[in-house]
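Worksheet: one structure, shown below.
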Amino acid sequence: QVQLMESGGGLVQAGGSLRLSCAASGSIFSINAMGWYRQAPGKQRELVATFTSGGDTNYADSVKGRFTISRDNAKNTVYLQMTSLKPEDTAVYYCYLRCRQYSGSYDLYHYWGQGTQVTVSS
């Protein structure tokens, strides 16, 4: 079983910064993709920033220039450094993982973290 452990959410004033962390553990052979999504009240879940196994990154247009995703491959951990936060960034942030779990199988598995609340006050 794979688990995603998220941390770093909280309450911050507009213009402030937060750093989210997500550590994957369990039966992981290799990570295919890992990153962050978010869901604000009344809105669909959207991609925020992700890594592929090759190191390519994708960012939502709304966070480009403000958020930076990074990773520590040895720890199966990704980070999201969020700066210049805006009230519209308020959402539950979910860690996402796509991985191979077994050396003998190319099947890809998808996992979500439990979500961590980020609230930006004005």
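Quick notes
- Candidate set: region 11-29, residues that are surrounded by 14 or more Cβ atoms within 10 Å (Cβ to Cβ) and under 16 Å from residue 96 (Cβ atoms); chosen: the one modelled with the lowest pLDDT: 28
- Candidate set from region 30-58 (those that are of a type in the set (Ser, Thr, Tyr) and within 11 Å of the chain's Cα centre (by Cα)); member that is least open to solvent (accessible area, probe 1.4 Å): 50
- Qualifying residue in region 80-89 (condition: in contact (Cβ under 8 Å) with a residue 40 or more places away in the chain, closer than 17 Å to residue 5 by Cβ, surrounded by fewer than 17 Cβ atoms within 10 Å (Cβ to Cβ) and of a type in the set (D, E, K, R)): no
- Residue 62 passes every criterion in (1) in contact (Cβ under 8 Å) with a residue 24 or more places away in the chain; (2) open to solvent by less than 40 Å² (accessible area, probe 1.4 Å) apart from (2).
The values are calculated or read from the model by the stated rules, or taken from the named source; none is laboratory data. Computed from a predicted structure; not experimentally measured. Cβ atoms come from the backbone with ideal geometry, glycine included; neighbour counts cover every protein chain shown. Quick note on the areas: whole protein, heavy atoms, side chains included, nothing else; ligands and nucleic acids left out. Shrake-Rupley method; radii C 1.70, N 1.55, O 1.52, S 1.80 Å.
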